[in-house]
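Here is the structure we will look at.
The values are calculated or read from the model by the stated rules, or taken from the named source; none is laboratory data. Since this is a predicted model, take the numbers as computed values, not measurements. For neighbour counting, all protein chains shown are included, and Cβ atoms are generated from backbone atoms with ideal geometry for every residue, glycine included. Heads up: the accessible areas ignore ligands, DNA and RNA and are worked out on the full protein's heavy atoms, side chains in. Shrake-Rupley method; radii C 1.70, N 1.55, O 1.52, S 1.80 Å.
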Amino acid sequence: MTFSSPDQSPAWRALSDLAAQSSSLNLTRLFETDPTRAERYSIEAAGLVVDYSKNLITDEILEQLIALAADTGLEERRDEMFAGTKINETENRSVLHVALRDKAENKYLVDGSDIMPLIQAELSRIKDFCDRIHSGHFTGYTGKPLNTVVNIGIGGSDLGPVMVTDALTPYGIEGRQTHFVSNVDGTHLIEVVNKIDPETALFVIASKTFTTQETMTNATSARDWFLDTGAEASDVAKHFIALSTNAEAVGKFGIDTANMFRFWDWVGGRYSLWSVIGMPIALQIGFENFTKLLAGAREMDSHFENEPLHANLPALLALIGIWHRNFLDIGAHAVLPYDQYLHRLPAYLQQADMESNGKSVTRKGNATSYATGPVIFGEPGTNGQHAFYQLIHQGTDVISADFIAPAISHNETGDHHRKLLANFLAQPEALMRGKPLEQVVAELSASGASDDEIERIAPHRKFPGNRPTTSILMKKLTPETLGALIAFYEHKIFCQGHIWGINSFDQWGVELGKILAKNILPELSDIGEEKPTAHQHDSSTSTLIDRINQIRKDADS
Ligand code: F6P
């Protein structure tokens with residue numbers, strides 16, 4: 001970074017000055033005065049059309065945002081990431097998920113060695129395994145084909161594969177089904193195993209570390225369940241595979257390392273769906289479609305790596321996000337897919353964004369003097385419209401939002417998709433235009449309302465408008481467009497983390513709770529068991545432990 005902190009840069013100061021005048025920015029007026037605004041503030045790349053014209057930006061603001069990117073050395077940092085520099089400094093690791101989806105002929109160096117042969121070898125092992133499963137050559141212990149996958153993993157070893165597998169449902173191989181178990185709540189596992197046949201089930205244990213409490217607990221219980229159904233210990237090898245970086249722990253668990261698929265420490269958990277962690281995706285939609293997903297991401301990578309900042313989608317949208325967060329004080333960002341198949345995208349992006357940029361210490365170890373990652377949330381449209389959009393339209397906090405839709409649905413049933421698209425277009429328009437009091441009054445009086453009624457009702461029916469949104473359109477949701485969409489968000493997150501001067505690739509904030517849970521575990525009683533009441537916690541935690549133990553001791557089952 002050219003400046004020790006982004007807020008020391010001239011561009012940051014210029015942006016602060018522009019923000020001080022931002023109350024005069026009116027989106028409707030900006031559109032009226034510039035008929036080319038939508039065209040000028042839209043970019044098409046890797047099958048995505050991104051229209052960012054309904055954000056509270058002007059050429060002057062964009063110019064300063066781009067200067068901020070230059071002041072902070074964004075392009076240099078991007079090049080360092082692609083070059084394998086150990087930009088994840090707190091874990092001393094390279095960040096090379098882009099290598100996982102690049103062409104075989106390209107080189108990526110980690111500690112001086114080209115990692116591409118490793119990636120290609122593992123990809124061909126995935127292909128080979130998919131072929132053997134799909135052709136029925138790899139069967140279960142009773143000789144039946146394994147048509148059911150149960151992926152056991154959590155966080156990055158779950159959210160990406162779940163989201164993609166759901167999103168690409170139309171590409172699913174007929175007769176195959178995939179279940180995902182993540183929560184340590186036994187209900188999650190039990191509800192899945194109750195639905196499956198052990199003789200046709202393949203358990204995929206997905207864990208980068210192979211030490212995660214939730215995953216190891218679920219994996220152990222799944223193996224116990226499998227053995228309880230009548231299988232022998234020697235049958236486990238035919239029904240359990242592992243996706244991990246930790247061969248030793250996989251071996252100790254009892255999975256044959258021949259059935260272990262590897263990835264490496266330069267793949268962050270939340271950036272790992274492109275690696276062997278994508279195995280459940282490939283098993284469900286086929287290896288060829290999995291490679292199309294990688295190809296879509298690769299196209300976005302190439303756009304990100306080569307386009308100048310003013311035409312670079314992830315960089316521009318990251319900068320607009322910084323404008324929102326740091327200069328307009330917008331603390332939440334909604335992800336609103338108008339496609340039911342993308343219903344897990346907001347959950348996926350919650351981890352991708354919030355685990356990456358939910359930090360308040362800079363890479364140099366100083367407290368940030370500015371805000372970082374916003375709260376990310378969302379639901380598919382139109383469901384969200386009947387739930388939380390009220391707050392987005394009329395709440396006291398301004399919230400920015402991404403509206404995402406395919407122009408063509410996989411299910412063009414009647415006029416469903418036209419209705420969905422009408423809503424996809426109407427909501428950003430409504431958020432931008434709002435409805436002034438005078439218009440509400442005029443409408444009420446035209447409908448015959450009395451003066452008293454108008455006075456009472458009108459303030460509730462006005463909309464402030466001027467609320468920023470971005471529209472992301474694709475022709476159809478395909479493996480390629482989905483790959484590009486995910487890569488777009490990954491790079492946007494990278495750019496924002498870089499400008500904020502934080503490390504987007506570690507996640508120390510998840511550790512403390514894990515350790516405290518381990519301490520509390522032995523203090524909790526089994527059903528019917530008596531536990532001592534002496535605890536070393538605050539009185540709230542101790543009292544709750546005692547309450548739980550009392551209830552569990554007195555319970556029959
Ligand atoms: O909860 C933190 C985390 O480390 C995530 O970053 C990661 O995706 C998840 O746990 C699962 O980790 P693993 O793949 O090692 O089981």
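See the values below:
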item	result
Estimated FRET transfer efficiency (Ala387, Lys435; beta-carbon r; R0 22 Å; 0.05)	0.60
Using a Förster distance of 25 Å, the FRET efficiency for Ser113-Lys364 (Cβ separation, nearest 0.05)	0.30
For segment 432-557, the Rg and Dmax computed from alpha carbons only, in angstrom	28.5, 72
For peptides 211-217, 352-358, 455-461, sequence by mean Cβ density within 10 Å, most packed first	352-358, 211-217, 455-461
Within the chain, percent of DSSP bridges classed antiparallel, to nearest 5	30 percent
In Å, descending, principal axis extents of the Cα set of segment 1-149	72, 39, 27
Cα pair distances of the chain binned at 10 Å [whole percent]	3, 16, 24, 24, 18, 10, 4, 1, 0
Positive-end residue, segment 287-359 charge dipole about Cα centroid, Cβ charges, pick of His333, Leu317, Gly296	His333
Highest to lowest packing among 416-422, 480-486, scored as the average C-beta count within 10 Å	480-486, 416-422
Proximal lysines relative to Lys195, as straight alpha-carbon distance under 30 Å, when same-chain residues fewer than 8 apart are discounted	Lys127, Lys144, Lys208, Lys238, Lys252
Probe 1.4 Å, protein heavy atoms only - accessible area per residue of the chain in square angstrom	44 Å²
Solvent-accessible area, 1.4 Å probe, carbon plus sulfur percent, for the chain	50 percent
Thr396/Ala70 FRET efficiency (R0 35 Å; Cβ-Cβ; nearest 0.05)	0.50
The chain - mean residue ellipticity at 222 nm from DSSP helices (-39,500 (n - 2.57) per run, n ≥ 4, rounded to 500)	-13500 deg cm²/dmol
Two-decimal Rg to Rh for segment 78-167 - Kirkwood Rh, Cα set	1.08
Unit Cα scatterers, Debye sum, segment 1-57: log10 I(q)/I(0) for q = 0.14, 0.24, 0.30 Å⁻¹	-0.59, -0.91, -1.08
